Ligand code: AMP
C-alpha cells in the first residue's frame with residue numbers, strides 16, 4: 001500500500017529487533033513510509049522530535065517502533081506490577097485515536113513481552129484499572145481519563161521516560177493544554193519527548209518550544225498540506241438539497257465505505273435517517289452515542305457492513321480504515337485545519353482517495369480559509385444528473401442544515417453531472433462531548449454525558465499557560 005522508491009531503506013536497516021520485524025511482517029508492511037524513514041533513526045538516538053506528519057502517513061509506527069525497540073531491555077515476564085512501570089506514555093486527543101494507536105502498539109509489540117494498555121473515557125474504568133494495576137510499559141491515553149486514573153492512584157508516571165503527544169494541534173484545539181500541563185508535571189524531568197501534529201499554528205510552535213529539548217524537526221509533507229493522492233472537489237449545492245445530493249452521489253457512483261462529515265450531531269442523525277430511507281446502509285457516529293456504540297459502528301464500517309458512516313469531527317481523528325476511498329463533507333468544517341484532518345481519512349499510506357465537499361454560497365468564507373491553509377485552489381464543480389428540487393419529498397423537516405448536491409469528483413470517477421448552488425446556514429460547534437478538558441470523574445460512563453462543554457478555549461489560554469511549562473533537560 002505504501003509506494004516507496006527503490007532506494008528506500010528497509011525496516012531491517014534500522015536495527016530493529018527480530019521480534020519487531022516479525023510483527024511488521026505479520027502486518028504486511030514491506031518498507032517504511034517516509035515519516036518512518038525519518039523518524040525511526042532519530043527516535044532511536046533518543047532525540048526529541050517535532051513531527052509534522054499528516055494523517056495516514058504511518059506516523060504511529062514511526063514513533064512506536066523505535067519506542068518499543070528502546071524499551072526491549074525492560075521487557076520481563078515477572079508477575080510483579082513493580083517490574084512493569086509505565087515507561088512510555090502516548091497521549092491522544094480522542095478515544096478513537098487512542099484505541100487505534102493502542103491496536104497498532106499491541107500488534108507491533110506482540111512478540112516482545114512488553115505490555116501495553118489504553119485508557120479513555122466513556123467506558124467503565126474497572127477493566128482499565130485492572131490492566132494498570134497489573135503494570136504496563138506502554139500506556140496510551142486520552143488526557144482526561146488518564147488524570148482520572150492518576151487521581152484514583154491506579155497509575156504512577158514517575159518512571160515514564162518517553163512522552164509522545166499525538167495530534168498535538170487537536171489537543172490544543174480541544175482545550176487540553178491545562179491537562180497536558182498537569183500530566184507533564186507528573187513525569188520525570190529527564191525524558192524523551194515526541195510531538196506530532198498535522199498542522200502548525202503559532203500555538204503549536206510555542207508548545208513545542210516549551211517542552212521539547214533541542215528537537216529534530218521531521219517533516220514529510222508541507223505543513224497544513226493535504227495529501228497529494230487525495231483528489232478534492234467541491235460542489236455548490238442548495239443547502240436544502242444536500243442530503244439528497246449525498247444520497248445521489250453514493251448511489252450514482254455505487255460508493256462503498258464513504259465517510260460523511262456533518263458539523264452537528266443532529267445533522268448526522270438526520271442525514272443517516274435519510275440515507276437509510278434511500279436504502280443506503282448507514283450509521284451515525286457522534287457524541288450522543290455511547291463509546292461501545294461508536295466502536296460497534298466503526299467495526300461495522302470497517303467490515304463493509306455499512307456503506308456510509310456519518311460522523312461529526314470526532315471521527316476525523318484516529319479513524320483508521322485502510323484505503324478509505326471517499327470522504328464527503330456534507331458541511332464544510334468551521335476551521336480549515338479540520339478540513340485537512342477530515343480528508344486525511346482517505347488517501348492514507350499512499351492509497352488514493354476522493355474528498356468531496358458540498359457548499360452553498362454562505363460557505364464561501366470557510367472555503368476561502370481552507371484554500372488559504374492548503375495553499376491550493378479547489379476546483380468547483382456542479383453536480384450532474386441530480387435535480388435537487390426533486391428531492392423535496394425526502395427532505396427532512398428542518399431544511400436549514402440539510403441540502404444536497406451531486407458531484408462528480410476527483411477525476412477517478414468522472415461521470416457526474418453539474419449541480420447548482422444555493423444558501424446554507426451554518427452555525428455550530430464541535431461535538432462538545434469530545435472537546436471537554438479534564439474534570440475528575442469517578443465513573444467512566446459519566447464521560448459519555450459530557451455534552452455541554454465549550455468547544456475550545458484556545459489561543460490566549462494557550463499563550464498564558466505555556467509560560468508555565470517548564471523547559472526540560
Ligand atoms: P497512521 O498514519 O499511523 O495512522 O497509519 C496509516 C495506515 O498506514 C495504518 O493503516 C497503518 O497500518 C498503515 N501503515 C503504517 N506503516 C506502514 C507501512 N510501512 N507499510 C504499509 N502500511 C503501513
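A few comments on the model shown:
- If the condition is being farther than 25 Å from residue 83 by Cβ and touching a residue at least 60 places away in the same chain (Cβ under 8 Å), then the stretch 149-175 contributes 165, 166, 167, 169, 170, 171, 172, 173, 174, 175.
- Residue count for the stretch 46-85 under the criterion of being more than 16 Å from the ligand (Cβ to nearest atom) and either under 21 Å from the mean Cα position of the chain (by Cα) or in a loop (DSSP other than H, G, I, E, B) (or both): the result is 12.
- When restricted to residues that are within 16 Å of the ligand (Cβ to nearest atom), buried (at least 22 other Cβ atoms within 10 Å of the Cβ) and at pLDDT 75 or above, the stretch 311-342 contains 4.
The rows are residues; the columns are (1) buried (at least 24 other Cβ atoms within 10 Å of the Cβ); (2) part of a loop (DSSP other than H, G, I, E, B).
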{"residue": "93", "(1), (2)": "yes, yes"}
{"residue": "131", "(1), (2)": "no, no"}
{"residue": "164", "(1), (2)": "yes, no"}
{"residue": "170", "(1), (2)": "yes, no"}
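- Single condition residue 218 does not satisfy, out of (1) in contact (Cβ under 8 Å) with a residue 40 or more places away in the chain; (2) within 19 Å of residue 96 (Cα to Cα); (3) not in a loop (DSSP other than H, G, I, E, B): (2)
- Failed condition for residue 111, given (1) assigned to a loop (DSSP other than H, G, I, E, B); (2) more than 10 Å from the ligand (Cβ to nearest atom); (3) out of contact with any helix residue (DSSP H, G or I) (no Cβ under 6 Å at 6 or more places or on another chain): (3)
- Within the stretch 343-358, the residues that satisfy the criterion of being more than 25 Å from residue 270 (Cβ to Cβ) and at pLDDT below 70 are 347, 348, 349, 350, 351, 352.
- Failed condition for residue 106, given (1) touching a residue at least 24 places away in the same chain (Cβ under 8 Å); (2) surrounded by 16 or more Cβ atoms within 10 Å (Cβ to Cβ); (3) outside any loop (DSSP other than H, G, I, E, B): (1)
- Tally, over the stretch 35-45, of residues that are buried (at least 21 other Cβ atoms within 10 Å of the Cβ) and either modelled with pLDDT of 95 or more or more than 10 Å from the ligand (Cβ to nearest atom) (or both): 3
- Taken over the stretch 264-282, the criterion of being out of contact with any strand residue (DSSP E or B) (no Cβ under 6 Å at 6 or more places or on another chain) and surrounded by fewer than 24 Cβ atoms within 10 Å (Cβ to Cβ) is satisfied by 264, 265, 266, 270, 273, 274, 277, 278, 279, 281.
- Of residues in the stretch 18-34 being touching a residue at least 60 places away in the same chain (Cβ under 8 Å) and either within 11 Å of the ligand (Cβ to nearest atom) or not in a helix (DSSP H, G or I) (or both), the one farthest from the chain's Cα centre (by Cα): 24
- With respect to being surrounded by fewer than 20 Cβ atoms within 10 Å (Cβ to Cβ), away from the ligand (no atom under 14 Å from the Cβ) and modelled with pLDDT of 90 or more, residue 6 falls outside the description.
The values are calculated or read from the model by the stated rules, or taken from the named source; none is laboratory data. These figures come from a predicted structure and were not determined experimentally. Neighbour counts are summed over all protein chains in view; Cβ atoms, including those assigned to glycine, are modelled from backbone coordinates with ideal geometry.
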